[in-house]
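First comes the structure, then the notes that go with it.
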Amino acid sequence: MKRAGFASRWLPILLLVPQLSIILVFFYWPAAYAVKSSFYLQDPFGFGQTFVGLENYASLSNSAEYFKVTNFTVIFTVLVTFFSLALALLLAVKADKVIRGAKTYRTLLMWVYAVAPPVAGFVGLLLFNQRWGPLTEFFGSLGWDFNLRADYFDTAFAMVVVSVWKQVPVNFIFFLSGLQSIPKSVREAALIDNRSASGRFWDVTFPLLAPTGFFLLIINITYALFDTFGVIDTLVQGEPGNNPMTLVYKVYVDGFRGNDLGGSSAQSVVLMVLVLALTVFQFRMVEKRIHYT
Amino acid sequence: MADISLSAAAPVVPRRRFRWSTVVDHAILITGALIMFLPLLILVQTASTPDVETMKYGPGLYFGDQLDDNFRKALFEASGFSGENTGLAMFKNSMILGLGFAFGKIIIGMMAAYAIVYFRLRFATFAFWLIFTTLLLPLEVRILPSYEITQKLGLLNTYTGLIVPLIASATATFFFRQFFRSVPEELVEAARIDGAGPVKFFIDILVPLSQTMIAAMFIIMFVYGWNQYLWPTMVTTEEGMYTLVRGIKQIVQVLQGGNEIPEYGRANVLAIIAVLPPVAIVIFFQSWFVKGLTESDK
Amino acid sequence: MAQVTLDSVRKIYPNGVEAVTPASFQIKDGEFVVLVGPSGCGKSTLLRMIAGLEDITEGALCIGDNVVNTLDPADRDIAMVFQNYALYPHMTVRKNIAYGLKNRKTPKDVIAQKVDEAAKMLNLTDYLDRKPAQLSGGQRQRVAMGRAIVRDPALFLFDEPLSNLDAKLRNQMRIEIKALQRRLGVTSIYVTHDQVEAMTMADRIIVLNGGRIEQIGTPSEIYHNPASTFVASFMGAPPMNLVGAEMQDGTLSFAGLELPLASSMRGPVTLGLRPEDLIIDSHGPLAMEVELIEELGAHRLLHGQVDGQRLTVHLAKEEQVALGPLRLSCRVQNLCLFHPETGQRMDGGFAFNPAQTRTEERV
């Protein structure tokens, strides 16, 4: 709050009412509802519900399928996060370095940010089309019989590629702006102190980018967990079958398609706890380690 | 005389060294730009090619002459069963979602941030936590209960049900709070001495000061709203309420099944229309957008 | 125009910190008073309480004849100039100056006339349609002044208005502000941490330290008769030399200096000597080891040690000196004595032996 805040009593309350009422109805109520539903078993025909305690959670922890989905989600998240960060960093460092056409490159490398994930998935469908997809043909020429939606590994591969393609621009924008905010004097000092360009990068630039990188790490994990829904749903064309899926996709499939509200809610709660832990971790790290200013 | 001696003594300046590394840098950047661009070019190519050719041979190297025709079909002819989801109708819905979401989020966020930053409020800390906890959990993790509640409130297949639950997170509020806190303290003090009350200060000073920030937020929020997929997929079941991005799901399902020739041309035009507005905004207002995006998270 | 009276005005923050201990003083109509002190001494808090930007915890504040403790800033008939000017960045100079009048529902033609007058007075006429970002630091400062002037306030408040300017501009604006205040005759309270501003601008200075008033007086009183070691070392550049000395049997002794004093006090005291009161004298009682000579053009400063204690000597330009040993005497009539622990002035009642001759005075 500002030192000299206004003293009006009713106005701030009036200003807060829209925000508070929306989050109470569409955030806290659903969140509480999810927690509550996770302790109940929904009658499949919609007639009432029975309290079952922790049974939904127990069956989750015993479910081989849930374990498989969790496994895939972790691998998927790690791959998407790593590749989209690494590629974006490479491009950002180069875009920051070149003198000619820097602005054009920036535009060309960032605009995909605005492409909706399902559209990215749709483009993936064309690229990986079984009969004539350009990438399928390319893999075929290498002797890889690529089979989207029929082969578990191939589908997972396509999901990672499309998700990375969609995410690189965001990371690129942040890395580039992080690079540009490194003071000129620091770069000049490094230029005098160190002959080798790669030495300068790893000793000076990279550590100074660490706060940006850490922030992006969290953003990318969140992206891989949640925002890739559109990519995945489009690539499997709405019919997951035996194809890989992420935890969020499973919440949707079990709850919305399978009408298993209790089980789906239990999954939601597990996800909530996961995200909360991630956020707490983020705040702690930001406070503790990466703090240069 | 003087200049003769000068030129005689002039040292030989070596020409700037040609660097292979610069070529490599450009090569990497160009490759990156192509990888970003080519997949979307395929959309345009197939959208201009007759469906039969696409079905047989896939994307080719040359553009066809069907673009106009496919655009007309996509925009004005309905697909699906009800005949209500023409491209134009979906475009309208996408606009309503994008604009409604952006305006709603900004107005509500600014009001709440103003209350939190500029007023002495007894339960300020409590309100702050209540609001900012929402940053922790994205809509996706509470998607089903949100759906159930929206249904209970009778908001399925309404614009309210489409937009308002998406607004239930405090990203914009947080952003404006950060920005308001960076506004010099003395400005509000000067305004108070100048006789401006809270409402006057907000309208005369704070809103004009926030112009750039509002623009940046607007772009980010519009793109975010326009690109929503999961939530529209759940709450809109009537074809007349579909947005373009939601429509992708239907397109994909149409492509999958049936014995007829899939309408690639029309489908790809719809995908292009779904991509064009947000991309155009992001490119044209690039500097605002980048500023908004990178500053919102500090 | 008005006088300002503070009666035991006190500030305690919600976290329990006492920012201002009960302060009482009166500022006469038309007087220019400077609040000076190091950062965190409570001077800004005091000013902001007078402005109404900060609540007064205890005590009464009167502007004119009215107690204004609970009045809104806009209703106190004041104008304030801020350290960072606090100009509205999206408004032109004209709108910035006019905003306060507009909010008071002043008729448009009156606003226009007053803005033009103020602009003329401050040499801003050519800049009225520019935005603050297009102005130099000095011009922004003038706009802030203009905003204050047009309101014809009973009281001007200045919160370190010059600290964002470079040294040259600061000197110039200092003179401009002072001249303007003289001309308008408006009671003014000016906060600064710069003792030069305080000395040159003030009719009266209030020195604050740790939320407490150390001394109130004219610049001359403050300089020549500091009430404590704090005031002595804060006011004046270079500051007063403060050295440890001994009192015994009516004699004050420091290094080789022995001074008869009409006092029965005994024990250690702090002796204050202004650098300009130390004189080069080959027969002087003080032996100084000069370690550094600062050349300032119009004069020079010698830094060195006497009996293991640091000392600075102010020297006229024509005197010749070199590094190494040097003998000094001092003008005793300007000596100050302070309590060695509390730092409070002690020699108020004492008199140096009046029977001394001019040469002896130099001892």
Once you place label points 7 Å from the Cα toward the Cβ at A:TYR28 and B:ASN157, how far apart are they in nm? 3.3
Classify the range A:1-134 as rounded, prolate or oblate, taking a ≥ b ≥ c as the square roots of the eigenvalues of its Cα gyration tensor: rounded when a/c is under 1.5, otherwise prolate if a/b is larger than b/c and oblate if not. oblate
For peptide B:131-138, how many partner chain Cβ atoms fall within 10 Å of a residue's Cβ, on average? 6
Please compute the contact order of chain A in relative form: average sequence separation of alpha-carbon pairs under 8 Å and at least six residues apart, divided by the residue count, as a percent. 28
Share of the range C:4-233's accessible area from carbon and sulfur, percent, 1.4 Å? 48
The range C:202-297: projected area of the alpha-carbon convex hull, averaged over directions, in nm²: 8.8
What ranking do A:98-108, C:270-280, C:253-263, C:143-153 get when scored by the average of other Cβ atoms within 10 Å per residue, highest first? C:143-153, C:270-280, C:253-263, A:98-108
accessible surface per residue for the protein assembly as shown, probe 1.4 Å, DNA/RNA/ligands not counted, whole Å² -> 45
Quick one: buried accessible area between A and B, total over both chains, 1.4 angstrom probe, nearest 100 Å²? 9200
Using alpha carbons only, how many angstrom separate the centre of the range A:198-241 from the centre of the range B:133-163? 26
Could you pull out the pairs from A:LYS97/C:LYS168; C:LYS11/C:LYS95; B:LYS291/C:LYS102; A:LYS103/C:LYS131 whose alpha carbons sit more than 32 Å apart here? A:LYS97/C:LYS168; C:LYS11/C:LYS95; B:LYS291/C:LYS102
In whole percent, and with a 1.4 Å probe on the protein chains, what portion of the accessible area of chain A is carbon and sulfur? 65
Let me check against my output: what whole-number percent is the relative contact order of the range B:96-198, with C-alpha pairs under 8 Å and at least 6 apart? 48
Which residue, B:LYS105, B:LYS92, B:LYS152, tops the fluctuation ranking in a GNM of chain B built on C-alpha contacts under 10 Å? B:LYS152
Cα centroids of the range C:132-190 and the range C:208-259: how far apart, whole angstrom? 33
Straight-line reach only, C-alpha to C-alpha below 25 angstrom: list the lysines that A:LYS250 could link to, leaving out same-chain residues fewer than 8 apart. A:LYS36, A:LYS68, A:LYS166, B:LYS152, B:LYS249
Counting only protein heavy atoms with a 1.4 Å probe and every protein chain in place, the carbon and sulfur fraction of the accessible surface of the range B:87-295 in whole percent equals 65
Could you check the spin-label model distance between C:THR342 and C:ALA179? Points 7 Å from the Cα along Cα→Cβ, value in nm. 4.6
What shape does chain A have by the C-alpha gyration tensor, where a ≥ b ≥ c are the square roots of the eigenvalues, rounded means a/c under 1.5, and otherwise prolate means a/b greater than b/c and oblate the rest? oblate
In nm, spacing of pseudo-spin labels at B:THR31 and A:MET285 (7 Å Cα→C-beta vector): 2.9
Label the range C:75-165 by shape, choosing from rounded, prolate and oblate, from the square roots a ≥ b ≥ c of the eigenvalues of the Cα gyration tensor; if a/c is under 1.5 it is rounded, and otherwise prolate applies when a/b is larger than b/c, oblate when it is not. oblate
Convex hull volume of the range B:87-295 per residue (C-alpha atoms, cubic angstrom): 144
Axial C-alpha extent at least 30 Å, average Kyte-Doolittle at least 1.0 - helices from chain C (DSSP): none
Highest GNM mean-square fluctuation among A:TYR113, A:TYR152, A:TYR223, for chain A with Cα springs under 10 Å, belongs to A:TYR152
Contact order relative to length of the range C:4-233, as percent, for alpha carbon pairs under 8 angstrom and 6 or more apart: 29
Chains C and B together, accessible area buried on both sides, 1.4 angstrom probe, square angstrom: 1700
How large, in Å, is the range C:4-233 by the Kirkwood hydrodynamic radius built from its alpha-carbon pairs? 18.2
Between the range C:19-41 and the range B:272-288, how many Å separate their Cα centres? 58
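The values are calculated or read from the model by the stated rules, or taken from the named source; none is laboratory data. Remember, predicted model here, so these are calculated numbers, not experimental data. Cβ coordinates were reconstructed from backbone atoms using ideal geometry, including for glycine residues, and neighbour counts include every protein chain displayed. Quick note on the areas: whole protein, heavy atoms, side chains included, nothing else; ligands and nucleic acids left out. Shrake-Rupley method; radii C 1.70, N 1.55, O 1.52, S 1.80 Å.
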